[in-house]
1. For a quick check: with amide H placed at 1.01 Å from N, whose amide H comes under 5 Å from ALA125's, ignoring anything fewer than 5 positions away on the same chain?
2. List the aspartates and glutamates whose Cα sits under 13 Å from the Cα of LYS104, skipping any in the same chain fewer than 8 residues away.
3. Taking the simple approach of a point 7 Å from Cα along Cα-to-Cβ for both THR47 and THR25, what is their distance in nm?
4. List the residues whose amide H sits under 5 Å from the amide H of PHE112, counting only those 5 or more places along or on another chain, with H placed 1.01 Å from N in the peptide plane.
5. Skipping prolines and chain starts, which residues have an amide H placed within reach, meaning under 5 Å, of the one on PHE192, given they are 5 or more residues away or on another chain?
6. Can you list the aspartates and glutamates whose alpha carbon sits under 19 Å from that of LYS121, skipping same-chain ones fewer than 8 residues off?
7. For the chain, what is the per residue volume of the convex hull drawn over the alpha-carbon atoms, in cubic angstrom?
8. What's the extension gain from GLN219 to VAL183 if we count 0.36 nm per residue and subtract their Cα-Cα distance?
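Bear in mind these aren't lab numbers, they're just calculated from the coordinates by the rules spelled out. Just so you know, these numbers come straight off a predicted model, no measurement behind them. So basically every Cβ, Gly included, is an ideal-geometry build from the backbone, and we count neighbours across all protein chains shown.
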Amino acid sequence: MNELDKEDKTKFPIRSFVIRSGRMTEAQRTGLDSHLEQWGLKLSEHTLDYAKAFGNENPLNMEIGFGMGDSLATMAENEPEQNFIGVEVHSPGIGRLLSLVENKAIKNIRVFNDDAVKVLKQCTAEHSLSRLNLYFPDPWHKTKHHKRRLVQHSFLELIHSRLHEGGLFHFATDWQPYADYVVKLMSQQSLFENVAGDKLFVAPEDYGRPETKFERRGQKLGHGVWDMVFRALPKEPLK
């Protein structure tokens, strides 16, 4: 256990999400009730053996907040040699993803119905992830709510400790002020480098992110989308 795990758990006292009660379709309810036990992972106080959960030691990817799960299912289908862990707190989306997993016979997805920070801190071994994806998180538009944004210095320290050296952090948003905020935040740290260099942004298809219905709808309304990919650097030794 490293110093990050030993620190006071109040370091992440403010949740970046609100659990909203949503109406579930019959298919979503069936997916949740019938398949969560098979494909779900449970929060633990101890590091989980993900290789055992998947039955192989393929590279491990994690997506935080996968929404309704279509993109995650597509990525898993497109990259069967990779393992994917989805973390989500909204039951309808989890049910939807589990239905997709079952109907498409996708074998390389496992799901947490829990807080991603807890999953990372408690269940995920150091330097075990090849990639961490965070697509279209809540931008918390109001200035007084910016403290609720998931991407903060403390979060970057956490995910850096869970990514292996050279592992990727892929962030996407359709809210330009959030993109600008992330650009500024990443310029103030030495744990990651932007793979696009001074260009800042990447084409999502170059890094395996499928286009979503939500994204297409936004583009029709004239909304932009900003994708950034950051590579984990070796941590500088303490002097």
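1. Residues meeting the criterion, in which the H sits 1.01 Å from N, are LEU48.
2. ASP70, GLU77
3. My value for the distance between the label points is 4.0 nm.
4. Counting only residues 5 or more places away or on other chains, the set is LEU41, GLY86, VAL87, GLU88.
5. LEU233
6. In chain and number order, the partners are GLU3, ASP5, GLU7, ASP8, GLU45, ASP49, GLU63, GLU88, GLU157, GLU165.
7. Values: hull volume 33.8 nm³, N = 239.
Value for the chain: 142 Å³ per residue.
8. 10.8 nm
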